[in-house]
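The values are calculated or read from the model by the stated rules, or taken from the named source; none is laboratory data. All values derive from a computational prediction rather than experimental measurement. As a convention, Cβ positions derive from the backbone with ideal geometry for all residues, glycine included, and neighbour counts pool all protein chains shown. To get the accessible areas, we keep the full protein, side chains included, count just its heavy atoms, and leave off ligands, DNA and RNA. Shrake-Rupley method; radii C 1.70, N 1.55, O 1.52, S 1.80 Å.
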Amino acid sequence: SPSASPTATSVPSYSSQPSSMPSAMPSSMPSLLPTPSPTPSCEDIAGWTDSVGDDCSWYEQYESAGCPIYGGYFANPDTGLTANMACCWCNGGTGSFLYPTLAPSFTLSPTSLLPTPSPTPSCEDIAGWTFSLGYDCSWYEQYESAGCPIYGGYFANPDTGLTANMACCWCNGGTGSFLYPTLAPSFTLSPTLSPSASPTATSVPSYSSQPSSVPSAMPSSMPSSQPSSSVMPSSMPSSMPSTDIFLCDSSVSVGIASMTDNKFVAETGKVVLQNTLSSGIFLNVTFRRTYSDPVVLTFINSRNDWNSVAPRVKDVTPNGCAIFMHNPSNSSHGAETVSYFVAEKGRYELHGGAIFEAGSHDTSTAHQGGDGYIGDQLSFSAPFQNVPAVLHTLNTYNNADFMASLATTITTNGFQIAQEYAETTPSSIVQETIAWIAFETGSGTSTGQKYIVGIDDNGIANGVDNVEYIIDYTSVGYETSPDLVAAVIGENGPDGAWARGSGTFSNTSQGVFAEEDQEKDPERSHVSEPIAWVAFESCSDLIQATSQPSSMPSESSQPSSSTMPSSMPSATPSIQVFLCDIPSSMGVVGLADSKIVAETGKVVLQNTISSDIFVNITFRRTYSDPVVLAFVNSRNDWNSVAPRVKDVTPNGCIVFMHNPSNSSHGTELVSYFVAEKGRYELHGGAIFEAGSHDTSTAHEGGQNYIGDQLWFTEPFQNMPAVLHTL
């Protein structure tokens, strides 16, 4: 029977979640550091490996001393020991620490690794605690799962330095016993005032002053236990679903000036899908150009929800298509980021020498998990110089059952293709259209837009239960995450699989899993499958270099056969990224008779006006006399900078950044708000008034503020929020 309180032994209770924020406790608190043993005599726990089979040497190779990033994860499934318990490099093992930290050494003498929980929950939240945004523990109880694995270690109270993992019972903090016992002891505010001569285990943990929220720069062979699109969440998530997000602006084509006589043959972009088609969610994408006979590729870059899901396309027309997610269980799914690639059917050589061929194939041939793969044989219009990367996506939705696609047996002359339903059980197999694009492998720039195309099979099992395959494009030099589409191009695993992002997605790398369904069994382990990928800078517009599609690659412009990026990135600045798509106006369907009085959006600015960087924004409507607000949301560069606007017209404006030293600045995300001058009540009852004022009155630091007095056209019921931008 459990004792009334945790038993103190020489073996500590270790947290399975590393602390992601350094403590902000005031320096007047006594040091919790124990005096280290004078002679290192640590030994790794013999025979220990983590949950994916790596021993302590992996951590010595990829982790810094103490293993602040992965040391607390991937416990051995038999012993429950993590690297922080088993490896000397990670401050575990037996004997004295090689690298003393706040944790005592680990021995094999305990009766249990878990503290014995109190038979009745007696935990109390730290009275009066709130996190940095002002909410208390009840927020976590409403939006987080027990233990608060996602946000519990962030947003420390600015005065006490306590996070929810320290202050809230629901998050395994608070005072007293845990409501949800884990490997971490409860937090109290009563540390030992003077350290002992050697580490001692107590019911009060010593919290590391070393944060663990910075991801490893090395492609990890170990999957992250929590997917994240950034090191720190930008803000607490809304309890309400947001609208679908288009990450390109159709009115702006950067880097293609004076090319009006050339033919646009392809474009790329991203969208954010909030749920699956089974939940009634799909996104109508309007292309930035009109095509004759387009095909569309898609790929889910993110992994915000770990359940199986695949991207699909339907209703393809010369002007647009519908993109959606479909999961094998026909259920709901969390929001995901999806890249897409649109191309005119045919064979083309782009500016810069890249060659691709695009087409589609109608077929009812389908592969089922466990069966041998036989697909329809397709041939290219002309041979490629090297084996190309073949990407593929279903472009119809004739059957409501789950289905993906698979291409394999790729040569310089052609490939096989079929539908893929893996281990699901469709009610019937019907004819579907599979879009495909074959790219010559290599990297470079096309009209100033960087790209990389590759194929690889590293021989390491890359299922969801195994290790992510990392596409490393660091040397390409993307400023932001590219538009990247990947696909499985093999049949090594009989269960069937398709490509999906692992959760690693940035301007330097994309992680990919060979995704399986979980309809027949819950496991998603999969042997190594070859992966093909193509990545272009966000919102790229691709232009053919010749007036007609080339039938054979030009010897003078052969792309590199290497699947690795070029050693020197192009010096051409990357395109500006617009985070709205002009043809789509969410939430205004059926309001054609109403007056559109405002719009919002985001852009990514690569530098300041002092470095001659600004963005021409074309409004999605024409206004009579608009005003524009701007705000820098991000902080990628910590030097001072402010947003500004100039050249405002009824149809657009210029947004730029300006810093006090008139120097360069890193890339930042900027939100903008455009409104017609006047006073308006919006649908839903919100009221705002917009105007502008010409003035030479200015405030200088150190002086009293005296501004020009302005008056609203009529009083507000309450004090309004006033936003302003030059």
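Brief remarks on what is shown
- Using a probe radius of 1.4 angstrom, the carbon and sulfur fraction of the accessible surface of the range 406-471 is 45%.
- Once the Cβ-Cβ distance of Asn458 and Ile374 is raised to the sixth power relative to R0 = 25 Å, the FRET efficiency obtained is 0.45.
- Derived scalar couplings ³J(HN,Hα) [the range 624-635; Karplus, 6.51 cos²θ - 1.76 cosθ + 1.60; whole Hz; x for Gly, Pro]: 7, 8, x, 10, 9, 9, 9, 8, 7, 6, 9, 8
- FRET efficiency, Lys263 to Thr618 (Cβ-Cβ, R0 22 Å, nearest 0.05): 0.50
- Between Ser138 and Ile654, the simple spin-label model (points 7 angstrom out along Cα→Cβ) gives 5.1 nm.
- Distance between the range 653-706 and the range 329-367 - C-alpha centres, whole angstrom: 41 Å
- Carbon/sulfur fraction of accessible area - the range 255-362, other protein chains in place, 1.4 Å, %: 44 percent
- For the peptides 320-331, 532-543, the ranking by packing is 532-543, 320-331, with the highest mean count of neighbouring Cβ atoms within 10 Å listed first.
- Under Karplus coefficients 6.51, -1.76 and 1.60, residue-wise ³J(HN,Hα) of the range 704-715 in Hz, glycine/proline x: 5, 8, 9, x, 6, 7, 10, 10, 6, 5, 7, x
- Full-extension gain in nm, Asp362 to Ala65, via 0.36 nm per residue minus C-alpha separation: 101.3 nm
- Nitroxide proxy distance, nm - points 7 Å out along Cα→Cβ at Trp306 and Ser332: 2.0 nm
- Accessible area per residue for the range 666-726 is 81 Å², calculated with a 1.4 Å probe on protein heavy atoms, without ligands, DNA or RNA.
- Distance between the C-alpha centres of the range 461-499 and the range 141-173: 33 Å, rounded to the whole angstrom.
- Label zone of Phe716 (point 7 Å out along Cα→Cβ, amide N under 17 Å): in the range 666-682 this covers 673-682.
- Per residue value of the accessible surface for the range 419-490 (all protein chains in place, 1.4 Å probe), Å²: 27 Å²
- Taking 0.36 nm per residue of sequence separation and removing the Cα-Cα distance, the Lys646/Asp315 pair yields an extension gain of 115.1 nm.
- Between Val430 and Asp472, the modelled labels are 4.6 nm apart [label points 7 Å from Cα along Cα→Cβ].
- For chymotrypsin sites (Phe, Trp or Tyr not before Pro), the sites in the range 596-652 that DSSP calls loop and that have at most 16 other Cβ atoms within 10 Å are Trp638.
- Under 5 Å, built H, 5+ apart or other chain: amide partners of Gly269: Tyr340, Cys539
- Computed over protein heavy atoms with a 1.4 Å probe, the carbon and sulfur contribution to the accessible area of the range 584-698 reaches 49%.
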